[in-house]
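Heads up, the thing below is written out as structure tokens.
The values are calculated or read from the model by the stated rules, or taken from the named source; none is laboratory data. If you're wondering where the values come from, they're calculated on a predicted model, not measured in any experiment. Ideal geometry is used to build each Cβ from the backbone, glycine not excepted, and the neighbour counts take in all protein chains shown. Ligands, DNA and RNA are excluded from the accessible area calculation, which covers all protein heavy atoms including side chains. Shrake-Rupley method; radii C 1.70, N 1.55, O 1.52, S 1.80 Å.
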Amino acid sequence: MQGSGIEVLFLGRNFLRLLEGLWVTLRISLIAVLLSVPLGILFGMFMTIKNPITKAISRVYLECIRIMPQLVLLFIAYFGVTRAFGWNLSADISAVIVFTLWGTAEMGDLVRGALISIPKHQYDSAYALGMNKIQAFGYVVVPQTMRRLIPLTINLTTRMIKTTSLVVLIGITEVLKVGKQIIDANRFDYPTAALWVYGAIFLLYFLACWPISMLAKRLEKQWR
Amino acid sequence: MEDKVQLEVTGLVKKFGDDTILDGIDLCVHKGEVVVVLGPSGCGKSTLLRCMNGLETANEGTILLDGEEISSDGKKITQLRQKIGMVFQSYDLFPHKNIIDNITLAPVKVQKRTKKDAEEQAEKLLARVGLSEKKKAFPRELSGGQKQRVAIVRALCMKPEVMLFDEVTAALDPEMVREVLDVMLELAEQGMTMVIVTHEMQFARAIADRIVFLDNGKIVEETTPDEFFTNPKTQRAKDFLHTFAYEKRRSENNNAV
């Protein structure tokens with residue numbers, strides 16, 4: 001057994017375990033994205049309301065979430081809030097909550113940006129054609145914002161997938177954790193296991209995110 | 001031109017904050033009449049047009065279209081706006097729709113006409129402005145002059161009674177100005193009631209039944225185009241016209257040297 005050590009990946013259920021670990025992060029990210037997108041759209045619309053109070057509220061929310069590292073948010077949610085209020089939140093649920101809060105803030109800011117990038121004259125010419133506010137929004141503003149938003153949303157999804165690797169620190173056995181276990185278990189038989197296992201994880205992340213990035217790029221080109 | 005008053009503005013005052021943009025405007029536009037509003041930049045010409053279709057709410061005064069008041073309250077204003085077409089300086093076609101869909105969007109969604117009916121009319125109008133072959137193109141594929149002609153067609157497809165033109169050639173390259181102005185001249189010949197804000201003096205003189213000269217939010221002079229351009233009565237109108245006579249003064253100076 002003096003090979004390169006790559007065999008460690010295929011020992012027993014090792015590779016399957018890595019895939020399962022990846023699925024844990026992907027599942028958290030996808031649930032968080034699915035929740036963040038609609039909430040973010042509402043939040044983005046909320047942010048464009050011209051009212052000092054709503055502006056202040058959205059500002060505070062956005063800045064709090066953005067200034068704080070996601071890791072701190074995770075710790076607050078999982079170790080802080082659950083213990084302080086005696087809630088029995090699982091690590092998975094805490095992670096989904098934190099990443100949804102984060103995704104909503106990010107998505108909201110993207111939506112706000114897309115909405116205010118629609119020139120005022122687009123509204124004027126819609127109104128001048130007799131459209132009411134809802135029609136102008138539905139037929140003129142939303143289709144244009146969608147085009148700007150879809151590539152950005154896809155990028156947000158890949159960022160979400162990468163960032164959710166942090167959940168390992170609140171005890172969720174995701175792909176990195178599984179990798180560590182494999183490396184530790186084979187420390188003596190396969191001293192080079194770390195290279196192969198982390199290499200495989202790199203590849204798995206790449207395969208998960210790359211098609212998504214390509215899709216974003218293509219849509220961006222198509223709608224230019 | 002008939003005697004029937006189509007658009008009547010009385011005592012119109014519009015303020016933005018402490019700035020009074022329009023300071024008591026009275027103006028009557030008869031059916032089939034072409035009124036050109038002239039004046040230095042910032043004199044309130046565009047604001048006057050925007051008030052006429054309720055894009056801005058007047059602080060005081062009334063605007064009547066066929067005797068119905070234009071106020072900015074919801075349902076009524078959207079019905080009135082269908083009778084007043086407006087074309088803007090920056091064309092503002094909808095970039096996500098092709099030309100024919102740009103034109104038929106409002107007739108179908110607002111006036112609830114059938115797609116077929118709207119498209120037939122749109123094609124007729126496009127043919128009139130010489131753009132039939134562009135109906136499937138997207139706005140970004142058109143030149144400025146073509147976009148502006150489409151914008152005019154888009155407004156016309158709502159079958160308006162009055163058309164408002166807000167400096168529609170100001171953003172165009174000089175060689176494209178003509179094609180847009182020709183469309184407007186043709187409209188005027190067909191008896192469309194029009195209120196035009198423009199900086200094209202020759203065109204103003206050719207198309208107008210009446211010139212309204214605005215300065216500092218007030219109508220300073222209101223007269224026939226020939227009278228206005230050859231024999232303006234007020235000093236401010238003279239000064240304004242002088243700014244367009246630059247070339248002439250220079251050639252006179254050359255002769256003197």
Within the stretch A:131-157, residues at the interface with chain B (Cβ under 7 Å from one of its Cβ atoms) and either of a type in the set (Val, Ile, Thr) or in contact (Cβ under 8 Å) with a residue 24 or more places away in the chain (or both) come out as A:140, A:144, A:147
Checked the stretch B:126-179 for anything under 30 Å from residue B:9 (Cβ atoms) and assigned to a loop (DSSP other than H, G, I, E, B); matches are B:129, B:157, B:158, B:159, B:160, B:161, B:167, B:168, B:169, B:170, B:171, B:172
Among A:32, A:105, A:95, A:84, the single one that is open to solvent by less than 70 Å² (accessible area, probe 1.4 Å) and farther than 23 Å from residue A:207 by Cβ is A:105
How many residues of the stretch A:108-135 are part of a helix (DSSP H, G or I) and open to solvent by 40 Å² or more (accessible area, probe 1.4 Å)? The answer is 9
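I'd like to check something: does the stretch B:96-104 contain any residue that is at pLDDT below 90 and either among the hydrophobic types (A, V, I, L, M, F, W, C) or surrounded by 15 or more Cβ atoms within 10 Å (Cβ to Cβ) (or both)?
If we filter the stretch B:96-104 for residues that are at pLDDT below 90, which is where we start, we get none.
The answer is no, given that none of the residues of the stretch B:96-104 is at pLDDT below 90 and either among the hydrophobic types (A, V, I, L, M, F, W, C) or surrounded by 15 or more Cβ atoms within 10 Å (Cβ to Cβ) (or both).
For the subset of the stretch B:26-57 comprising residues that are touching a Ser or Thr at 6+ places or on another chain (Cβ under 7 Å) and without any contact (Cβ under 8 Å) to a residue 60 or more places away in the chain, which member is nearest to the other protein chains (Cβ to nearest Cβ)?
Narrowing the stretch B:26-57 to residues touching a Ser or Thr at 6+ places or on another chain (Cβ under 7 Å): B:26, B:29, B:31-33, B:36, B:54, B:56-57.
Checking the rest, the ones that are also without any contact (Cβ under 8 Å) to a residue 60 or more places away in the chain come to B:54, B:56-57.
On the way: B:54: 8, B:56: 10, B:57: 12 Å.
For the stretch B:26-57, the residue satisfying everything is B:54.
Residues to consider are B:92, B:101; find the one that is acidic (Asp, Glu), more than 15 Å from the chain's Cα centre (by Cα) and within 11 Å of another protein chain (Cβ to nearest Cβ). Quick ask: steps written out before the conclusion?
Details: B:92 fails: more than 15 Å from the chain's Cα centre (by Cα).
Residue meeting the stated conditions: B:101.
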Expected output for the stretch A:9-24 (first residue outside any helix (DSSP H, G or I), partner surrounded by fewer than 20 Cβ atoms within 10 Å (Cβ to Cβ), Cβ below 9 Å, 6+ apart or cross-chain) is A:11/A:189; A:13/A:20
Can you say whether residue B:173 is at pLDDT 90 or above, open to solvent by 30 Å² or more (accessible area, probe 1.4 Å), of a type in the set (Asp, Glu) and more than 23 Å from residue B:21 (Cα to Cα), as far as the supplied structure shows? no
Screening A:95, A:128 for residues that are within 13 Å of another protein chain (Cβ to nearest Cβ) and either closer than 30 Å to residue A:73 by Cβ or not acidic (Asp, Glu) (or both) leaves only A:128
Q. Any residue at all in the stretch A:178-197 that is assigned to a helix (DSSP H, G or I), open to solvent by 70 Å² or more (accessible area, probe 1.4 Å), of a type outside the set (Phe, Trp, Tyr) and at pLDDT 90 or above?
A. no
Reported set for the stretch A:79-124 where residues are free of Cβ contacts under 8 Å to residues at least 12 places away in the same chain and among the hydroxyl-bearing types (Ser, Thr, Tyr) is A:90
Scanning the stretch B:58-80 for residues that are over 20 Å from residue B:25 (Cβ atoms) and part of a helix (DSSP H, G or I), the one nearest to the other protein chains (Cβ to nearest Cβ) turns out to be B:78
Screening A:145, A:164, A:158 for residues that are of a type outside the set (D, E, K, R), surrounded by 18 or more Cβ atoms within 10 Å (Cβ to Cβ) and farther than 19 Å from residue A:31 by Cβ leaves only A:145
Note on the stretch A:174-204: residues acidic (Asp, Glu), farther than 18 Å from residue A:26 by Cα and touching a residue at least 60 places away in the same chain (Cβ under 8 Å) are A:189
Taking the stretch B:109-121 and keeping residues surrounded by 18 or more Cβ atoms within 10 Å (Cβ to Cβ), more than 9 Å from every other protein chain (Cβ to nearest Cβ) and within 17 Å of residue A:130 (Cβ to Cβ) leaves B:113, B:118, B:121
